[in-house]
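These notes are about the structure you will find just below.
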Amino acid sequence: MQMRIFKIYLLSIVTLLIFNNVSVGQVLCIYCYDQNDSISSNVNNLIVNGGFENTNCIANYLSTSVFCPNSMHYSCDIANWICTGGGTNTYCQMMDSVHCTIVEGHKAVYFGNNLCNACSNTNYDTSCLNDLNCTVAGIPQGFPVAILPGYGGDTGVSLQQTVSGLTIGNTYVLEFWAGGEWGYTHSGLFAVDVGFGDTLMRNKSTDTGSIGTRFIIEFNAVSNSHTIKFTNWGHISSYSTELVLDDVKLYTLAELNESVNRCSLTGINEMDYDKGTSIYPNPSNNSITISPKSAIGNYELIITDVLGNEVYSQPINNSNNSTINISQLINGVYFYHIRNDKEKLQGKFVVEK
């Protein structure tokens, strides 16, 4: 199969969780590519109507295409999908190629949900956002939140489908395309949940014909059924788009194109996406030493897990080498972030005990 992969945005991430001395994978890794093309073709797609073509919604930018039952202008449905959250002012719509890029068929879904606060109660504050590989970290508890009445608060608005018939312990691949509506210049914010909680991601504006982002999420099934859910809270700034979603697929790992760097439960992709620091020992079980390769003075050190949750933070005073006790962390992959007024460095390490 021919496939054009233009650019891997960010590195894959892998987590290894230990329960009763048995390795149980959850979200194993996430890849994202700067492209509209599918990663794998001719797969047995376990998502029904993943291109959103089976609908009585008219594909346009009008109230006649609003598909969320809680919406004021609710007028149509998307077969096999359930829209939840939002409220009486939500305007999630079926979109056409006049207003955004469509990568599969003739229709895509748009999560219209107005103004969102991502970092604080100050409108359009995006200072906390920390882009990690294909995900986002740094957002405080209780955020993002749709702050205007009738838009869903901290639950936002979601589109979801429950897939049954999975084999417990088998690895599955969620593939989808994300973009945004026309007229905006900055990336938006959305979440994906494959059964283990929200993972926050960025989506960029895609006027007709523009290149969006193709995402791959590998996970191990822990149940015979998993609910696949996409959530948006609204515009995180006056220049930031909301989510447009298309071409959602769920298939087995064996069907994933072989040219994609697949993750494993025994290690991580060793691509180095930031050469500004070194870390040792890696893997480690009790402590790590982080050494910036240039003197950067005082800085803040933050450690997050693969879902972007902060698990450690500490101010470092005028030191080029910092030894950190990580004995409290469970096995898995973590990311460290070094920030001060002048620089922002990051890297990854593995905890193995």
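The values are calculated or read from the model by the stated rules, or taken from the named source; none is laboratory data. Given the structure is predicted, the values throughout are model-derived calculations rather than measurements. Counting neighbours? That spans all protein chains shown, and the Cβs are built from the backbone with ideal geometry, glycine included.
Key figures for this structure:
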| item | result |
| --- | --- |
| CYS83, sole failed condition from (1) over 19 Å from ILE228 (Cβ atoms); (2) more than 18 Å from the chain's Cα centre (by Cα); (3) part of a strand (DSSP E or B) | (1) |
| Positions within the range 74-92 being buried (at least 19 other Cβ atoms within 10 Å of the Cβ) and either in contact with a His (Cβ under 9 Å, 6 or more places away or on another chain) or not hydrophobic (A, V, I, L, M, F, W, C) (or both), in sequence order | GLY85, GLY86, GLY87, THR90, TYR91 |
| Which listed residue, of SER287, SER259, SER278, is out of contact with any strand residue (DSSP E or B) (no Cβ under 6 Å at 6 or more places or on another chain) and at pLDDT below 90 | SER259 |
| Index of the failed condition, ILE147 passing every other in (1) out of contact with any strand residue (DSSP E or B) (no Cβ under 6 Å at 6 or more places or on another chain); (2) free of Cβ contacts under 8 Å to residues at least 40 places away in the same chain | (1) |
| Which numbered condition THR167 misses (of (1) crowded, with 16+ Cβ neighbours inside 10 Å; (2) without any contact (Cβ under 8 Å) to a residue 60 or more places away in the chain) | (1) |
| Any pair with Cβ under 6 angstrom, 6 or more apart, that starts in the range 45-69 at a residue that is over 20 Å from GLY165 (Cβ atoms) and ends at one that is at pLDDT below 95 and outside any loop (DSSP other than H, G, I, E, B) | CYS57/SER65; CYS57/MET94; ILE58/THR64; ILE58/SER65; ALA59/MET94; SER65/GLN93; SER65/MET94; VAL66/GLN93 |
| Subset of the range 181-211 (residues that are part of a loop (DSSP other than H, G, I, E, B) and within 17 Å of THR135 (Cβ to Cβ)) | SER187, VAL194, GLY195, PHE196, GLY197, ASP198, LYS204 |
| Test for LYS204: is it at negative phi, surrounded by fewer than 23 Cβ atoms within 10 Å (Cβ to Cβ) and without any contact (Cβ under 8 Å) to a residue 40 or more places away in the chain | yes |
| Filtered residues of the range 134-143 (kept if part of a loop (DSSP other than H, G, I, E, B) and touching a residue at least 40 places away in the same chain (Cβ under 8 Å)) | CYS134, GLY138, ILE139 |
| Set ASP131, ASP125: member being surrounded by fewer than 22 Cβ atoms within 10 Å (Cβ to Cβ) and in a strand (DSSP E or B) | ASP131 |
| Answer from GLY183, GLY165 - the residue that is modelled with pLDDT of 95 or more and on the phi > 0 side of the Ramachandran plot | GLY165 |
| Total residues in the range 86-109, condition more than 24 Å from the chain's Cα centre (by Cα) and at pLDDT 90 or above | 3 |
| Unmet criterion (only one of (1) part of a loop (DSSP other than H, G, I, E, B); (2) closer than 30 Å to SER223 by Cα) for ASN89 | (2) |
| Which numbered condition GLY152 fails, given (1) crowded, with 23+ Cβ neighbours inside 10 Å; (2) over 22 Å from GLY85 (Cβ atoms) | (2) |
